[in-house]
Amino acid sequence: MVESRDRTPTAQETFAQMAQAAGLRGRILVTIGLLVFVRLGIFIPLPGIDRAAFSQAIQSNSALSFVDLFAGGGLRTLGLFALGILPFINASIIIQLLTAAIPSLEDLQKNEGEAGRRKISQITRYVSAGWAVVQSTLLTIGLLRPFAESWSPMFVVETVLALTAGSMFVMWAGELITERGIGNGASLLIFLNIVATLPNTLGQAFDLAQTGDRAVVSSVVILLLVFLAMVVGIVFVQEGTRRIPIISARRQVGRRVMMERSSYLPLRLNQGGVMPIIFASTVLTIPVIIAQSFNNADLANFIGKYLGPASIWHNLLYFVLILFFSFFYASLIMQPDDMAKNLKKMGSSIPGIRPGNATTEYIEGVLNRLTFLGAIFLGIVAIVPSIIENATPVKVFQGFGATSLLILVGVAIDTAKQIQTYVISQRYEGMVKQ
């Protein structure tokens, strides 16, 4: 098969490389194997609990169903991996917020290089373990007590240890996927959990459409068309970039004169990808878990009324959190000052912009505008389908929603890009060996 060295590989070339290249094939097999193993873990039951009664209680509670979505049904089935990747995501949010507030952590991230990032990763693991203990304790005492066959302190200890160990294993599997597999491990685990609930959601939608009620059928069709339009919009935004032109000055290296050449600096419209959505969704699950854990009917009703998925306050807070995490995440992964310094070191500049502080301010201004536009789009896409669902008699998509679709499309695009990157790198390795 003849391959062009300077273009994006086609789907046929990508699949052929996936099958032929041992390195890429190994990474894909590791990823699939760990995802399947983690998925099977939610069906390992916790002992001493009436799971059927608990499952019915979860299904009748829209707020807990929203939490169960990110556990891939693990909370409803009360499996060993019921907490899933949520403690690790919560810990990541906490550490990233503290990094912006504590100078020592900020120094580790920015100035210590790979050693600093490893130290922060280690701290995140410890916080994840502590948070898993807190969440499993709240879950055991607040939610599982009415369904326990024999309630005792030993039951609490055993259940907390089991849930915490399961969550730590899921965290380890996610890190192993990131290191030795394909894509971001945490994002792929959430992707897997959402995909696992998709067949049941679509099946309920088709069952409703077959009832013959015109209002229900039209509502299902409208929702499906809205989701289809969202997929197209998400792809455009995820792929959208602003290319800032860059000119490299003429310079002499030995006897060779490097002529002036032009290139560009690509800035994505949505710098954070799906992470702002994941972070915002995870934050919204915290008050739901706390309210249900205290077993207080008034507090649970208040949270369900004002912070439940069908509440307008939920949508408003969700929109604000997406804006916040979009800017916060963009500030962590993009450093205009470092970019300006690197351009100056390379003898490059932006036409019409002086090197130094002027370049930093220009890049920062462009980045803020792009982040704002991307965050507004993410927020609108996240809440509009929910508003449409509340205005129609069809509620089967209430748990799925735009959040899940954003994560599905975003993770699929990021993973496909990483696979293409491996294909291109192995293509050039083959060219060098020749």
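For a quick check: sort Ser348, Ser263 by the number of other beta carbons within 10 angstrom, fewest at the front.
If I rank by nearby Cβ atoms, fewest first, I get Ser263, Ser348.
What are the semi-axes of the equivalent ellipsoid of region 313-355, taken as the square roots of 5 times the eigenvalues of the Cα gyration tensor, listed largest first and rounded to whole Å?
35, 10, 5
Find out how many positive minus negative residues lie around Ile32, taking Lys and Arg as positive, Asp and Glu as negative, among other residues whose Cβ is under 12 Å from that of Ile32.
Once all neighbours under 12 Å are counted, the net charge is +3.
Readers should treat all values here as calculations from the given coordinates under stated rules, not as data from a laboratory. Just so it is clear, the structure is predicted and the values come from calculations on it, not from any experiment. Neighbour counts are summed over all protein chains in view; Cβ atoms, including those assigned to glycine, are modelled from backbone coordinates with ideal geometry.
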